[in-house]
Amino acid sequence: MGCFGDGSFNVEVENGVMSSISCEEEGNRASIEDAVKILLLGLGEDINREGIRKTPFRVAKALREGTRGYRQKVKDIVQGALFPEAGLDDRVGHAGGAGGLVIVRDLDLFSYCESCLLPFQVKCHVGYVPSGQRVLGLSKLSRVSEVFAKRLQEPQHLADEICAALHQGINPAGVAIVLHCSHIHFPDLESVFLDSNHQRWFKVLVSSGTGVFENKNADEWADFYSLLKFRGINMEKVHVRGSSYQSWCTQSFLSAKVSSKTGPVNPVMANAVASIIKSLGEDPLRPELVGTPSRFVRWLMNFQTSNLDMKVNGFLHSGIDSSKTNGDVNSNDKKLHYELSLPFWSQCEHHLLPFHGVVHIGYLISDGYIPVGKSTLQSIVHFYGFKLQVQERLTRQIAETISPLLDGDVIVVVEASHTCMISRGIEKFGSSTATIAVLGRFATELTLRASFLESIPSPTSSDGQ
């Protein structure tokens, strides 16, 4: 398809909706789609399968949207958004457009880790001290912050870029940035069985300051932190520019550990990831990005179908023996038994983005039978979690696997947080999804079903903040 005279043409965005994009954008999107197909084939997936067929398109769209900051300029945002505002008139003090501290708190942002390409969440607090009797429209502080969040990033670098851009754009007496960043700590298939208390998130607090905020002991910082004290910000734990902190990207450490066992990654898949990085507007040869393709491929290979099928089949033939009893059996007197909050990690097959959460399993068991062990149920959850999935299918597969081993009376509830709901499109921070599968008596007996559902604990915060 050729370009129009203005260097653009119409393409189908999704579900028949047409949009005009530039020829360069279309070329970059097509390059990402081709690279995603290579990755899917490397996982052993059928790229013509119904659930996968449009995944390259969806992934390309999500990545381009999630890194749109490369195609935005701070000048275009700030220009025309500076407004005159008088300060104090012939009085000692600071206020208004001459020295009055302005802070916008709790800006929810999402970015992509430059070390592993997994999304991470950011709670951003941005402040500045006006000068020249001018103030910036408050919404612009959020928009400028988002320009840099929508790029491949690392926390301190993100804070420094936002800080420097605002200082240059509005020429204030000083700018202060504090970021509370949360990186999902996604285990590999082997370690998840060895570590039952796996930490889901790694969190770090970073700061950056210019002008009157360059000195971390300045009075202005004391005012800033005082206005953040109810946000859970402890200034003693905030890393400042130039300080060191534990490796931010837990996937980098995990990748190094895995590589010693698995050897080199598939070079075709790694080159495909490098191509994606370049199409997003980055330089894959930048020192911080050189190892990213290999790390991403090693992480992605956790979801290779062949890793699971053999283990699942062997496990189901030997892992559960429903005939074990602890004495006399009364098949007419079944009691509700359940295991709650079994953790899981998975990968959305539509966008190749992680989703994670907990699984609650209930079943009926006759007096005399030994309940299924928690570790057994947890293993089944992991087996079905570690593949390209959708939550509805995951819920059904767990229920169908357990059902024949427990006389068919099973209920499964899955509660999950999807990064594809947060890092793209509607960007619904804090949202979660629940799915349910009911078999046997749970499908027909409302009281029984309600009894199990009432036992499920209230969810804790799933946004990592």
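The values are calculated or read from the model by the stated rules, or taken from the named source; none is laboratory data. Just so you know, these numbers come straight off a predicted model, no measurement behind them. Virtual Cβ from ideal backbone geometry, glycine too; neighbours counted across all protein chains shown. What goes into the accessible areas is simple: the full protein's heavy atoms, side chains included, and nothing from ligands, DNA or RNA. Shrake-Rupley method; radii C 1.70, N 1.55, O 1.52, S 1.80 Å.
Quick notes on this structure:
- Failed criterion for residue 147 (all others in (1) in contact with a strand residue (DSSP E or B) (Cβ under 9 Å, 6 or more places away or on another chain); (2) under 18 Å from residue 82 (Cβ atoms) hold): (1)
- Restricting region 343-377 to residues that are farther than 29 Å from residue 43 by Cβ and small (Gly, Ala, Ser) leaves a set whose member that is modelled with the lowest pLDDT is 368.
- Residue in region 169-179 that is farther than 29 Å from residue 63 by Cα, open to solvent by 20 Å² or more (accessible area, probe 1.4 Å), assigned to a loop (DSSP other than H, G, I, E, B) and not β-branched (Val, Ile, Thr) present: yes
- Sole exception among (1) touching a residue at least 60 places away in the same chain (Cβ under 8 Å); (2) not in a loop (DSSP other than H, G, I, E, B) for residue 350, by number: (2)
- In region 370-382, the condition of being within 21 Å of residue 459 (Cβ to Cβ) and open to solvent by 40 Å² or more (accessible area, probe 1.4 Å) is met by at least one residue.
Quick grid of which residues meet (1) over 21 Å from residue 158 (Cα atoms); (2) at pLDDT below 75; (3) among the aliphatic types (A, V, I, L, M); (4) in a helix (DSSP H, G or I):
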{"position": "216", "(1), (2), (3), (4)": "no, no, no, no"}
{"position": "222", "(1), (2), (3), (4)": "yes, no, yes, yes"}
{"position": "225", "(1), (2), (3), (4)": "no, no, no, yes"}
{"position": "230", "(1), (2), (3), (4)": "yes, yes, no, yes"}
{"position": "243", "(1), (2), (3), (4)": "no, yes, no, no"}
{"position": "246", "(1), (2), (3), (4)": "no, yes, no, no"}
{"position": "252", "(1), (2), (3), (4)": "no, yes, no, yes"}
{"position": "258", "(1), (2), (3), (4)": "yes, yes, yes, yes"}
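- Neighbours by Cβ (under 6 Å, 6+ apart or cross-chain): first from region 411-438, under 17 Å from residue 58 (Cβ atoms); second open to solvent by 10 Å² or more (accessible area, probe 1.4 Å) and modelled with pLDDT under 70: 421/428; 422/429
- Listing of strands (runs of 3 or more DSSP E) fully contained in region 26-143 that carry 2 or more residues being under 21 Å from residue 302 (Cα atoms): 102-113, 119-129
- Check on residue 299, assigned to a loop (DSSP other than H, G, I, E, B) and either at pLDDT 55 or above or of a type outside the set (D, E, K, R) (or both): no
- Test: residue in region 58-65 that is under 17 Å from residue 129 (Cα atoms), surrounded by 14 or more Cβ atoms within 10 Å (Cβ to Cβ) and either at pLDDT 90 or above or among the acidic types (Asp, Glu) (or both): no
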